[in-house]
Structure formats: C-alpha cells, structure tokens
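To keep things clear, I will list the structure first and then write my remarks on it.
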Amino acid sequence: MMNAVERRSDTEPIIDLELERQEILKRYRRLLRAAKPMLKGDDAKLIKKAFNTSAEAHKNMRRRSGEPYIYHPLAVAQIAVEEIGLGTTSIVAALLHDVVEDTDTTIADIDRAFGPKVARIIDGLTKISGYFEYGSSQQAENFRKMLLTLSDDVRVILIKLADRLHNMRTLESMPRDKQLKIASETIYIYAPLAHRLGLYSIKSELEDLYLKHVEPEAYKDIAKKLRETRLARDRFIGRFIEPIEKDLAETGIKYVIKGRPKSIYSIWTKLNKSKKPFEEIYDLFAVRIILDVPPDEEKAACWRAYSIVTDHYKPNPDRLKDWISTRVPTAMNRFIQR
Ligand code: MN
C-alpha cells in the first residue's frame, strides 16, 4: 500500500491524501447529482471518463491555495450545470478545460478520447487564455475575436465565464498583482460578456467580486450598510409590491414577484456617479415580475403587467427601457442542451 500521508516540506502542513481522495469523490458525486435530471444514454459514463482523465492529468498539481487542482475543473463543471444550465458536452469540456494548457495532453488526445465537438471547445478555451496576454491596447480587438468565436460555439464563452467565476471566487490565494490583473480583466471583459449573454446573476457576482478585491473598504462599507438597512428595505419592498400583486392575481396569469437588493457594485457605481451619500440613493432595490404564459402570449402579458404597475406608480420616461418590443433574439437555447 502507498503511504497515504505526504509531506511536501518541513514547514508545510501534513496532507492526508486519503481524506483528499474522499473529498474529490464527494465533489464529483455532487456534480453528478446536479447533472442527473438531464443525463441520457451514455452521458454518465462520458462524464466519469472526463473526470478520470482530468484527475489523472492534474494529479500532481495543486492550486495556489494548496488544494488539489482537480477541485477547480470540478467547480467549473458544477457552475456550468447549476448556474448556467449547460449539458453533458459542456460538463465534459469543463472538466477537461485546463488539461491541454497545463499538462502534456494535446487537442489530438482529446479528439481521440472525446470526439471533435469536445476537442473544438477545449481548443477554443485554450486559445482564449492566450488572447489577453498582450496588454490593454489589445483588449478591444481581443473582445471582438472572442465574440467571433461565440458564433462558432457559444459554449466556449459560457465555460470560460464559469472558469472566470470560480477563479474570482478563489482570488484570495493569489498574490496582489495577479489579483488586480484578473479583477480588471473581469470587469472590462467578462462581466460585460455575461451581461450580453443574459447571465445576470453571474454578471453581478463578477462585479461584486471585482469590487471586493479592488476596493475592499468601499465593498465592506456598502455590504455593512445593506445589512443594517435590510429590514426596512424588505418592508418597503413588501408595501411596494402589495397593490401590484392584488391586481395581477385578478388577471389569472401565473406570476412570481421578487424584490431584490441591487448588487454592491451597482450601488457603488451609483454612489460615485451621483456623489450622494448611501442614505440618499433612492433605488437600492429592484422588483422583478416573472410571468408564466405560453410563448405567443408573452408580449401581451408583459404589457398587461406593465399597465398594472403604472396604475400604481408613475414611470420615469428617462429611465424607461422597453425590452419587450426590442427583444434580442437569442441563439443560446439551441446550444444549452447537450
Ligand atoms: Mn481554469
């Protein structure tokens, strides 16, 4: 039997490899559970093969935090399933996304083992990593190139966003200069990209994480004030929603109303622009009405809901954006499954 305990140097803590192995399996099973509802045919086998390939390729690598490297591809795959809603091909690609860049495995190896679809996605992901190495003057051009890749297979961008989100969530273990570089790339390139693809909660989280690392004092200050004013804000949102809810119920349309506080980043931007103190920022929250109607009734139902809102509240024409009539047709859905 192999010695399950490894000590990398005298000063480093003892690592229990058996415990780590169990933790890796636990995280792998969590991924399978999340993916389960959409698995078909041989999907589970394919995911297992990708996991084993990735675990083997990265087995001697650790993240800067000291954790086994495989935690990262597992987390990226988890985000792809749970937070973006991607399917098996994307899970496989997410698990393998750093294999070509960081190990001896080649695109040809991936092609042989997982087929051309996965190989093309990994190839796209590996190329994107190279794009941003040339400094900021290249960034606009790079951005354009990246969008071109998107027409090829939007999954490349979606997995890249999952990758970036996990790197931002684990930014603490990076040295300061790397933190700043990764954070600024995130705010200039990845957050706008997430926004453009309609991944709003990922966009907000990327922005908040940017602020947390680049302007930690401002971030903490706003977070604290939001916590302190939470109760009053919830009550206000409740009172605001009440009359709308009453009228909506009478239409017979199925709906959900959600009040949500604005992200810390968006409040920070507002504070900077308006030069007003936190206490005078009026729109600290947003209300979202989600309607459940057949697609051909969506437009009419949205206008109906809008009409109900304006029965109770006066719209501000300067701030009004009509996304109902000018909706951008999205090519995303046909990529999401499989
Ligand atoms: Mn990665």
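The values are calculated or read from the model by the stated rules, or taken from the named source; none is laboratory data. The structure displayed is predicted, hence computed values, not measured ones. Every residue, glycine among them, receives a Cβ derived from its backbone with ideal geometry; neighbour counts consider all protein chains shown.
The listed residues are Gly115, Gly66, Gly124, and the only one of them that is surrounded by fewer than 23 Cβ atoms within 10 Å (Cβ to Cβ), modelled with pLDDT under 95 and away from the ligand (no atom under 16 Å from the Cβ) turns out to be Gly66. Please verify whether the stretch 100-108 includes one or more residues that are modelled with pLDDT of 90 or more, over 30 Å from Asp42 (Cα atoms) and within 14 Å of the ligand (Cβ to nearest atom). No, because not a single residue in the stretch 100-108 is modelled with pLDDT of 90 or more, over 30 Å from Asp42 (Cα atoms) and within 14 Å of the ligand (Cβ to nearest atom).
Could you count how many residues in the stretch 241-257 are under 17 Å from Tyr313 (Cα atoms) and of a type outside the set (A, V, I, L, M)?
Number of matching residues: 5.
Please indicate, with yes or no, whether at least one residue in the stretch 138-149 is surrounded by fewer than 19 Cβ atoms within 10 Å (Cβ to Cβ), charged (D, E, K, R) and modelled with pLDDT of 90 or more. Within the stretch 138-149 (the criterion being surrounded by fewer than 19 Cβ atoms within 10 Å (Cβ to Cβ), charged (D, E, K, R) and modelled with pLDDT of 90 or more), the answer is no, since none of the residues qualifies. Within the stretch 26-45, the set of residues being crowded, with 16+ Cβ neighbours inside 10 Å and in a loop (DSSP other than H, G, I, E, B) comprises just one member, Leu39. Considering only the stretch 279-311, state which residues are acidic (Asp, Glu), outside any helix (DSSP H, G or I) and more than 16 Å from Gly252 (Cβ to Cβ). Once the filter is applied, which keeps residues that are acidic (Asp, Glu), outside any helix (DSSP H, G or I) and more than 16 Å from Gly252 (Cβ to Cβ), the stretch 279-311 yields only Asp283.
If you go through the stretch 80-99 and keep only what is β-branched (Val, Ile, Thr) and within 11 Å of the ligand (Cβ to nearest atom), you end up with just Val99. Restricting the first member to the stretch 251-262 and to residues that are within 20 Å of Ile237 (Cα to Cα), and the second to residues that are basic (Lys, Arg), the beta-carbon pairs closer than 7 Å and six or more apart or on different chains are Lys258/Arg288; Arg260/Arg288; Pro261/Arg233.
Scanning the stretch 217-272 for residues that are of a type in the set (Gly, Ala, Ser) and in a strand (DSSP E or B) gives a single hit, Gly259.
Listed here are the residues, each with its yes/no results for (1) crowded, with 18+ Cβ neighbours inside 10 Å; (2) away from the ligand (no atom under 15 Å from the Cβ).
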site	(1), (2)
Val156	yes, no
Lys160	yes, no
Leu165	yes, no
Arg169	no, no
Glu172	no, yes
Leu180	no, yes
Ala183	yes, yes
Ile187	no, yes
Ala191	yes, yes
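Checked against the criteria, His166 counts as modelled with pLDDT of 90 or more and of a type outside the set (D, E, K, R).
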